[in-house]
Amino acid sequence: MLKFVNSSIVFQEVPDEVTLAINISNCPNNCRGCHSAYLKDDIGTILTPECLKELIEPYKGNITCVAFMGGDNDPAGVLLLAQLVRTSYDGKIKTAWYSGKEEIPDFIDRKAFNYIKLGPYMAGFGPLKEKTTNQRMYRVEADGNMTDITFRFWKK
């Protein structure tokens, strides 16, 4: 079961997208130095399909992407909600998943997502904007292959 704590419109989490970022709680990763450590707690509101649509509707036509920020405690739930966004909005709203895991589970249909961020936060390597980061942001291609676009976060 997925619970979310809050959501906001962001411009830096997914390159070239106006994103509704949904912060999901009950994170099992316990990354040392996490900037959202409160998300490790089992708090918030259950993120049902109806609740997700209520979060999206006020911004329909203005957002281009919905990002699930976490959800590693229930990857199947993230997948179902991503599929819901893709089908309910005829592909006009993209989907992203920020996972703290090194790999996504085998059962995940990558094509349900346009973007997937993988990797735990490791303070010694820094966040996505640092060239030394261990984390990777991928664009998911139509065939399900993933192209590393992490460099898009780095200043030139």
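Worth a mention:
- Evaluation of residue 61 against (1) outside any loop (DSSP other than H, G, I, E, B); (2) open to solvent by 60 Å² or more (accessible area, probe 1.4 Å) (one fails), failing number: (1)
- Condition check for residue 147: free of Cβ contacts under 8 Å to residues at least 24 places away in the same chain, assigned to a strand (DSSP E or B) and touching a strand residue (DSSP E or B) at 6+ places or on another chain (Cβ under 6 Å): yes
- Qualifying residue in region 116-126 (condition: of a type in the set (A, V, I, L, M), at pLDDT 95 or above and under 17 Å from residue 19 (Cα atoms)): yes
To keep it simple, each residue is scored yes or no on (1) under 13 Å from the mean Cα position of the chain (by Cα); (2) within 21 Å of residue 90 (Cα to Cα); (3) not β-branched (Val, Ile, Thr).
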| site | (1), (2), (3) |
| --- | --- |
| 20 | yes, yes, yes |
| 29 | no, no, yes |
| 32 | no, no, yes |
| 41 | no, no, yes |
| 45 | no, no, no |
| 58 | no, yes, yes |
| 69 | yes, no, yes |
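- Region 89-133 - residue that is within 21 Å of residue 15 (Cα to Cα) and aromatic (Phe, Trp, Tyr) and, of those, farthest from the chain's Cα centre (by Cα): 125
- Residues (part of a loop (DSSP other than H, G, I, E, B) and out of contact with any Leu (no Cβ under 9 Å at 6 or more places or on another chain)) located in region 17-31: 17, 18, 28, 29, 30, 31
- Enumeration of residues in region 32-58 that are within 17 Å of residue 10 (Cβ to Cβ), without any contact (Cβ under 8 Å) to a residue 24 or more places away in the chain and either assigned to a loop (DSSP other than H, G, I, E, B) or among the β-branched types (Val, Ile, Thr) (or both): none
- Selection status of residue 96, in contact with a helix residue (DSSP H, G or I) (Cβ under 6 Å, 6 or more places away or on another chain) and at pLDDT 95 or above: no
- Residue match in region 137-147 (condition: open to solvent by 30 Å² or more (accessible area, probe 1.4 Å) and closer than 21 Å to residue 3 by Cα): no
The values are calculated or read from the model by the stated rules, or taken from the named source; none is laboratory data. Just so we're clear, the structure is a prediction, and the values are computed from it rather than from any experiment. Note that we place each Cβ from the backbone using ideal geometry, even for glycine, and neighbour counts take in every protein chain shown. Only protein heavy atoms, including side chains, enter the accessible area calculation; ligands, DNA and RNA are left aside. Shrake-Rupley method; radii C 1.70, N 1.55, O 1.52, S 1.80 Å.
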